[in-house]
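Each remark here refers to the structure printed beneath this line.
The values are calculated or read from the model by the stated rules, or taken from the named source; none is laboratory data. Small disclaimer: the values here were computed from a predicted structure and weren't measured. Glycine gets a Cβ as well: all are built from the backbone with ideal geometry, and neighbour counts include every protein chain shown. Quick note on the areas: whole protein, heavy atoms, side chains included, nothing else; ligands and nucleic acids left out. Shrake-Rupley method; radii C 1.70, N 1.55, O 1.52, S 1.80 Å.
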Amino acid sequence: MTATERAIELTIAAARAASDKKAGQVIALDVSEQLVLTDVFVITSGRNDRQVKAIVDGVEEAMHKEGVKALRREGLTEAHWVLLDFGDIVVHVQQEQDREFYALERLWKDCPLIELPEDARGGDGDTSEYDEFDQFGFAAGTYRSSRDEDNQESE
């Protein structure tokens, strides 16, 4: 048994919505042979809790347009790993470090990938465009905290 046509439609809509919010690499796995509760896992990632929440909002809005409401939503408060259960599909939105740690792609490697259109694949995880910025979002080297100044004085 493979994922239903409706599950594939929802998968593409969810993947496009995540991609629109600059989600990290989006993949879809046909888990219908392994699970009776759902047909597809959509897995994607964001760089921080704000982006994870934006991706979740985008996916929920897209699913609403498709006439589907989440049956369950878990993890939104912490926004490290948010699970959205839409019945036919389950969307996992994880922060990048959580995605690497839990490696859902590896856990479900026996399940076939669902080919997504180019505009639904998200980014490739390349965040080099942000390398010029420090952890506070300032151009690298331009922000100095009072702690940094204290440390310099003691040296």
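Just one of the listed residues (ASP119, ASP110) is open to solvent by 30 Å² or more (accessible area, probe 1.4 Å), within 14 Å of ILE12 (Cα to Cα) and out of contact with any Phe, Trp or Tyr (no Cβ under 6 Å at 6 or more places or on another chain), and it is ASP119. Residues in the range 48-86 that are out of contact with any His (no Cβ under 9 Å at 6 or more places or on another chain) and closer than 13 Å to ALA18 by Cα: 12 in all. Quick check: is even one residue across the range 52-63 at negative phi, among the hydrophobic types (A, V, I, L, M, F, W, C) and loosely packed, with under 13 Cβ neighbours inside 10 Å? No, every residue in the range 52-63 fails to be at negative phi, among the hydrophobic types (A, V, I, L, M, F, W, C) and loosely packed, with under 13 Cβ neighbours inside 10 Å. Residue pairs whose Cβ atoms lie under 8 Å apart, sitting 6 or more positions apart in sequence or on different chains, and linking a residue in the range 53-80 that is closer than 14 Å to VAL93 by Cβ to a partner that is of a type in the set (S, T, N, Q) and buried (at least 16 other Cβ atoms within 10 Å of the Cβ), are ILE55/THR44; ALA79/GLN95; HIS80/GLN94; HIS80/GLN95.
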